[in-house]
Structures are given as structure tokens and as C-alpha cells.
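Since every read-out is calculated from the coordinates, none of them should be taken as a lab result. In this text the structure is predicted, and so the values were computed from the model without any measurement. Cβ placement follows ideal geometry from the backbone for every residue including glycine, while neighbour counts extend to all protein chains displayed.
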Amino acid sequence: MNFKSLFLSLLVVSFSINMFGKSDTTKINSGRVLIVSSSLAAALGGSYLYIENSWWSDKQTAFSFDDGADLTYALNVDKAGHFMGGLFAANLFSGSMRWAGMNKKQSLWYGAAFGSGLQLAIEMKDAYAPYWGFSKWDLTMGSLGAFWPVAQEYNHNLKGIDFKMSYYKRSNIYWDLDKQRGKETNKYAWQDDYPNQTYWMAFDVNHYVENCCWPDWLNVAIGFGLDDTQYLNQQNKKVGGNNEWYIALDYDMPKLLKKWNSPTGKKVKHWLNYFHFPAPAIRISPKLEIYPLFL
């Protein structure tokens, strides 16, 4: 479900620390741990109160589980979003712990715990929401994303895989369907606009295949998305549609921007690498189509 409001404050606090804080300690700095912990607690607490008072203050229901509709209304593209959300949250928190002096492996485990804990908190709120419910699949995918950096740390073969996302407004179907429901949706509400989101699994070719000629900054990626053929059934729920699958070229930003060697430059490259930038692509399903430059 939508966790943009809850995540935004966390993003601002942790991203600022990650981008501009210098990891210049060799042992845990209790002062920095206090700064990180109190900042995140304040951000999460404030976001929780905002959601409590603005979303469901007069509409809370008894605890319930999701009825399974979330497996069809976005054809699981939202699950990829939860995976990325868990990955982002874990990376932000582990980076903050590194700034506080924690060693890499410890920080990754703490980041994984925080990312999955954040997803659990979101699902607990959804469990009392009038329209949604606790989704075990959302929790599972968010937690898998949060633990992905840990898996990469302990398995060398996984270090050649990166998960990324891209967004380009090709269709208005999300807003059109909401309008048919009598709902006015903010034109900037990209977070639930699944037909225009694409999620990517990028492979470092040189990590897996020895060769002489493939550029080290060029990857191959598999994309996953949703087309714009959904419609509303008699119960006013989204049905139909098709998953889209792509094969595309992809850029390894840390390797492409090798000259950005300052501490801040390295962090910028790291975060840019979570986004799939325009590149040649082939859609292989549901209909074959070639894109000289897929946005």
C-alpha cells in the first residue's frame, strides 16, 4: 500500500546524513547514534501521527487481513515497489549507522531489521484501514528488499545484481479509472501509478562472463511492469491488464562516473544507481516492441 508519506520524512533525515555526513570514525560514536536514533524516531513518530489524524481518524476498523485483491489490482507491480521500498529504507539506515561508526556487516543487519520493521509498521496500520488490510505479501516483499544488501554481503554471486526503478508518464489510465470511480487524484500521485512504473533487475555482465570487449559500465536488465488495459468491473475494482516484460541495456553509474571520487560523489553515484536511465530496450511481452530509447 501507499507508504510515501511515512517514508518521506525518513528519506530527508537519513539521506542528508548519508550524503553529507563523513564516516570518519573507527568505533561507534554514541553521539552520532543518538542523533540518528532520535531523528528517525521523530520522523517516524511525526509521520505516524499525521497518518493517524488525516487518513483513518474516523474510519478505523477491526484488524483485518488483505482479501487478496492486491494480487490483481496492480498485477504484483506494487510488490516490486515494496521490495524497492524495503531496500531503500535498509540502505538509508545502514548508511546512517556507518556514519555513526558501526562496521559494515553490523550496519547491514541493523538496516535489514529497520527496513523490515518499517514495512511491518505500515502493514499494521493498513490492517485497521477501512479499504485495505494487512498484506502478508507486501510484508514479505518489503522484508526481502530490506535483507537484499545482507544477502549480497555474504554471497559473492549476488553482487553482480542490482535492483532499479524507472518512471515515465506514458498513459493516463490510473487517473482515468479513478475519475470513473468519482475520485479526484492528484496529478503528481506517481507512487500508485503502476502502469507508468517499471522495475528492473540489472546484471553486471563482466561479473558473470569473462570477456574482452564488454564495457564494465554497461549492464543488461530485465524489466517488469503493467500495461494500460485495465478496467473497472461491476464492483468498481480494477481487473484485466497484462504484465509487461522487457530486456534492456542498463548503466552501472559508479563505473560510468569513475571520476566522481570524492566522498559525496561516491554517495551520489550509489544513489543514482537505484534508477534505470533511458536506454535501448525490447518489450518481449505481452507484445513484441523495440524501443531505441525506453523512458
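Calculate, for Thr229 and Asn157, the FRET efficiency according to 1/(1 + (r/R0)^6) with r their C-beta to C-beta distance and R0 45 Å; round to the nearest 0.05.
Rounded to the nearest 0.05, the efficiency is 0.75.
Using the eigenvalues of the Cα gyration tensor, what equivalent ellipsoid semi-axes result for the range 215-295 when each is taken as the square root of five times the eigenvalue, whole Å, largest first?
Output for the range 215-295: semi-axes of 35, 17, 7 Å.
Round to the nearest 0.05 the FRET efficiency obtained for Leu71 and Phe203 when R0 = 30 Å and r is the Cβ-Cβ distance. Walk me through the numbers on the way to the answer.
Numbers: r = 27 Å, r/R0 = 0.91.
Taking R0 as 30 Å, the efficiency between Leu71 and Phe203 is 0.65.
List the GluC sites (Glu not before Pro) within the range 196-295 that fall in a DSSP loop (any state other than H, G, I, E or B) and whose Cβ has at most 12 other Cβ atoms within 10 Å.
Answer in residue order: Glu210.
Relative contact order of the range 158-295, please, whole-number percent, based on alpha carbon pairs below 8 angstrom and at least 6 residues apart.
22
Taking the Cα centre of each part, how many Å lie between the range 228-295 and the range 167-215?
Cα centroid of the range 228-295 versus Cα centroid of the range 167-215: 6 Å apart.
Please sort 77-86, 123-132, 255-264, 155-164 by packing, taking for each peptide the average over its residues of neighbouring beta carbons within 10 angstrom, highest first.
Top of the packing list down: 77-86, 123-132, 155-164, 255-264.
Hey, any idea what Rg/Rh is for the range 71-135, computing Rh the Kirkwood way over Cα pairs?
Working: Rg = 14.3 Å, Rh = 12.9 Å.
My calculation of the ratio gives 1.11.
Quick check: residue separation of Tyr131 and Cys213 times 0.36 nm, minus the Cα distance between them. What number comes out in nm?
Numbers: separation 82, 0.36 × 82 = 29.52 nm, distance 5.34 nm.
Gain on stretching Tyr131 to Cys213: 24.2 nm.
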